[in-house]
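Please read the structure below before turning to the comments.
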Amino acid sequence: MRLVFLGPPGSGKGTQARMVGERLGIPQVSTGDILREAVMLGTDIGRKAKSYMEGGKLVPDEIMLSLVKRRIEEPDCSGGFVLDGFPRTLAQALGLEEILQSAAQSIDAVILIDTSDEVVLKRLSRRRVCPQCKALYNLEADPPEADQLCDRCGVELILRTDDSERTVATRLNVYRKDTLPVVEYYESKGVLRKVDGSREIEQVLSSIMEEISEVRKS
């Protein structure tokens, strides 16, 4: 299965993509992870991406598409993958389609984890990150063993600046501007599947697996 997971920030798409990947035995492909690895390894694309990131700019679509292309061409993706939060723009969606078409492949389903702004704001206000190892926690859904301390490092957890209420509101506006056209594009192609992301993690996962089962039958 070749899957795309979309949803607003705080919808839980990263968590769901990981769990679905584990269930199906295919890798979760996170563009954030790909970017960090490319920068860490100092590849040509990584150096280009780093210059944009350090300047506080968005990494251009062509760089993101090159990174994704390289990743999904790796052997562990031969049986499928779960793209986590990518494509974010219509240009990326069209570029991804070209990449897959050149390999005689296509996206089997796009899972939209639909979540209200109210739920997003509540969730992200409860999210914390370890400043040392960058591990993410949610004080309600996925709390650390010790209050406000990272399980790995024992370091006090912090609220990320991009999880503040003002920043989240900006991120939601960017999502509506840039990513909703992607949702509409995949809906027009008949591959979009919507699930209610406001429920508990296991309930959302169950709905996603039901949708994937229906896709397999069709």
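Each value in this text was obtained by applying a stated rule to the coordinates, not by laboratory testing. Everything numeric in this text was worked out from a predicted model, so none of it was measured. Counting neighbours? That spans all protein chains shown, and the Cβs are built from the backbone with ideal geometry, glycine included.
Using 0.36 nm per residue and subtracting the Cα-Cα separation, the extra length available between K57 and R199 on full extension is 47.7 nm. Taken over the stretch 160-218, the ratio of Cα radius of gyration to 2.2 N^0.38 Å equals 1.45. Quotient of the Cα radius of gyration of the stretch 91-155 and 2.2 N^0.38 Å, N being its number of residues: 1.72.
Here's the picture: charge each Lys and Arg Cβ at +1 and each Asp and Glu Cβ at -1 in the stretch 93-154, and of I113, C150, L136 the one pushed furthest to the positive end of that dipole is C150. Each 10 Å bin from zero up to the one holding the largest Cα-Cα distance in the chain carries the following percent of pairs: 8, 31, 39, 20, 3, 0. Backbone geometry of the stretch 90-104 corresponds, through the Karplus equation with coefficients 6.51, -1.76 and 1.60 at θ = phi - 60°, to 3J(HN,Hα) couplings of 5, 4, 5, 5, 5, x, 4, 4, 5, 4, 5, 4, 5, 9, 6 Hz, x marking Gly and Pro. Calculation over all alpha carbon pairs of the stretch 108-218 in 10 angstrom steps from 0 returns a P(r) of 13, 32, 33, 18, 4 percent.
Charges only on Cβ, +1 for Lys and Arg, -1 for Asp and Glu: so what's the dipole of the stretch 153-218 about the Cα centre, in debye to the nearest 20?
Values: 11 positive and 13 negative charges, 62 e Å.
Using Cβ point charges on Lys, Arg, Asp and Glu, the stretch 153-218 gives about 300 debye.
Taking amide H as placed 1.01 Å from N in the peptide plane, L157 has its amide H under 5 Å from the amide H of L149, C150, each at least 5 places away in sequence or on another chain. Extension gain for E210-R23 works out to 66.1 nm (0.36 nm per residue, less the C-alpha to C-alpha distance).
A Förster distance of 35 Å, applied to the separation of the beta-carbon atoms of K217 and S125, puts the FRET efficiency at 0.30.
Under a Gaussian network description of the chain, with springs only between Cα atoms under 10 Å, the residue in V82, V59, V20 that fluctuates furthest is V59. What you get for the chain, charging only the Cβ of Lys and Arg (+1) and of Asp and Glu (-1), is a dipole of about 420 debye around the Cα centre.
Please work out the C-alpha center-to-center distance from the stretch 192-208 to the stretch 33-71 and express it in whole Å. About 31 Å separates the Cα centre of the stretch 192-208 from the one of the stretch 33-71. For the chain, modelled as a GNM with alpha-carbon contacts under 10 angstrom, which of M64, M19, M40 fluctuates the most? Fluctuation is largest for M40. The H on the amide N of V29, modeled in the peptide plane, is under 5 Å from the matching H of V82, L83, D84, each at least 5 residues off or on a different chain. For the chain, the 222 nm mean residue ellipticity estimated from helices alone, with every DSSP H stretch of n ≥ 4 adding -39500 (n - 2.57) and the total spread over all residues, rounds to -14500 deg cm²/dmol.
Considering only DSSP beta bridges whose two residues both sit in the chain, what percent are antiparallel, to the nearest 5?
30 percent
Residue ranges 101-109, 122-130 sort as 122-130, 101-109 when ordered by packing (mean number of other C-beta atoms within 10 Å per residue, highest first). GNM on the chain, alpha-carbon springs under 10 angstrom: the most fluctuating residue among A141, A169, A49 is A141.
A DSSP coil position with no more than 15 other Cβ atoms inside 10 Å describes the following trypsin sites (Lys or Arg not before Pro) in the stretch 45-83: K57.
Annotation: amide H-H contacts under 5 Å for A135 (H modelled 1.01 Å from N, sequence separation of 5 or more, or interchain): C130. Exceedance of the 29 Å cut-off in Cα-Cα distance is limited, within the set K69/K189; K50/K122; K57/K194; K48/K194; K189/K217, to K50/K122; K57/K194; K48/K194.
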